[in-house]
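Everything below concerns the one structure shown next.
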Amino acid sequence: MYLGIDIGTSAVKTLLVNAEQEIVAGSARSLDVLRPQPGWSEQQPESWWDAVNGCIEALKTDHPSHLSDVRAIGLSGQMHGATLLDSSARVLRPCILWNDGRSQKQCAEIEKRCPQSREISGNVAMPGFTAPKLLWLNQHEPDLFEKIDKVLLPKDYIRLRLTGEFASDMSDSAGTLWLDTAGRNWSTELLAATNLSTGQMPQLYEGTQPTGELLATLAQKWGIRHPVVVAGGAGDNAASACGVGSINPGDAFISLGTSGVIFVSNSEFSPNTNGALHAFCHAIPNTWHQMGVILSAASCF
């Protein structure tokens, strides 16, 4: 059995899947979005963890034998969120989410500080990305910024709670605006533009690679009998692409969720910043993708 955990914006969702890729069971817990000021969007990371535990407890109650046989966990989640931890891995403030618009000025400043940013990242700097959020924090919450030891994306904070490891995958990390997307590695130039270093970033893995094992205390609590590998996983759109089979060059799909997405898989890094397309790493090794996004799609309803 395999367990999938998705950290969405409106809910945490879990799935139990068997070796034939058939869904055996699922559970979900809703999440609240905090809006302390107009245009701001935040969530408490602890609410994600509480929701994950609630989902697992539901699976344990209704499907204990299936849950006990889990051998691996896959993670997906909302992209771009800035989850900030101090040197003791304590959360410093609510996570600033992908649909937060406060850092428009910082986008222009990043591109001024690093004129090659579009070539390195494959993307136009936009407030949705993680990097401008951190520059905003540097300028508006400097005392807090000085305490930042690690910056994690939402699903990778859950990975930390599951395994104790600071790790991320290529597809999600490509959405930070700190990744050398062609080289599939952190860019020291882009990090320096936001006064950060590679030491404050998680270790990078391909989505298909193991990043650690489920902590024994959690396995015992959840009634899981075997060692459980936690895979690199993916950002939500790359995970959706894998789910519908868009993994070969030229494969494409359209998604209408809170945001709207047109997604095309590529065999190589193919930036098109003049067209305002995103160019990210795919969750599949040696594969990339292009993506056109609008932040208001089904959310308009």
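The values are calculated or read from the model by the stated rules, or taken from the named source; none is laboratory data. Keep in mind that what you see is a predicted model, and the values were worked out from it rather than measured. Backbone-built Cβ (ideal geometry, glycine too); neighbour counts: all protein chains shown. The area values use the complete protein model at the heavy-atom level, side chains included, leaving out ligands, DNA and RNA. Shrake-Rupley method; radii C 1.70, N 1.55, O 1.52, S 1.80 Å.
Roughly how many nanometres apart are two label points built 7 Å out from the Cα toward the Cβ at LEU256 and SER30? Going by the 7 Å Cα→Cβ label model, 2.3 nm. Of the labelled figures (i) 18.3, 56; (ii) 19.7, 70; (iii) 20.0, 61, only one reflects Rg and Dmax of the Cα atoms in Å as derived from the coordinates, namely (i).
Using a cut-off of 21 Å between Cα atoms, the listed pairs LYS105/LYS150; LYS147/LYS221; LYS60/LYS221; LYS13/LYS60; LYS13/LYS155 include LYS105/LYS150; LYS147/LYS221 as exceeding that distance. Each residue, GLU165 and GLU46, gets one label point 7 Å from its Cα in the Cβ direction; the gap between the two is 2.7 nm. Measuring from centroid to centroid over Cα atoms, what is the spacing of region 179-209 and region 30-76 in Å? Going from one Cα centre to the other spans 26 Å. For region 40-117, the solvent-accessible area with a 1.4 angstrom probe is 39 square angstrom per residue. Calculated mean residue ellipticity, 222 nm, the chain: -8000 deg cm²/dmol, from DSSP H runs (n ≥ 4) at -39500 (n - 2.57) each, averaged per residue and rounded to 500. Loop-resident GluC sites (Glu not before Pro) (DSSP state other than H, G, I, E or B) in region 199-291 with no more than 11 further Cβ atoms inside 10 Å of their Cβ: GLU268.
Note on PHE301 and SER10: their simple-model spin labels are 0.9 nm apart, each label 7 Å out from Cα toward Cβ. Determine the share of region 70-226's accessible area contributed by carbon and sulfur atoms, expressed in whole percent, with a 1.4 angstrom probe. Result for region 70-226: 47 percent of the exposed heavy-atom area is carbon or sulfur.
Evaluate the charge dipole of region 1-79 about its Cα centre and quote only its size in Debye, nearest 20, assuming +1 on the Cβ of each Lys and Arg and -1 on the Cβ of each Asp and Glu. Result for region 1-79 is approximately 100 debye, rounded to the nearest 20.
Cα-based radius of gyration for region 90-209, normalised by 2.2 N^0.38 Å, reads 0.99. Measuring nothing but protein heavy atoms, the accessible surface of region 240-288 at 1.4 Å probe radius is 52 percent carbon and sulfur.
Segment GLU119..ARG93, full-extension length gain: 6.2 nm, with 0.36 nm per residue of separation and the alpha-carbon distance subtracted. For region 9-88, the set of chymotrypsin sites (Phe, Trp or Tyr not before Pro) satisfying both a DSSP loop assignment and a count of at most 16 other C-beta atoms within 10 Å is given as TRP40. List the trypsin sites (Lys or Arg not before Pro) in region 1-102 that DSSP assigns to loop (not H, G, I, E or B) and whose Cβ has at most 11 other Cβ atoms within 10 Å. Which are they? Here the sparse-neighbourhood loop sites are ARG90.
Segment SER68..SER267, full-extension length gain: 67.8 nm, with 0.36 nm per residue of separation and the alpha-carbon distance subtracted. Rolling a 1.4 Å probe over the heavy atoms of the protein chains gives region 169-218 an accessible area of 36 Å² per residue.
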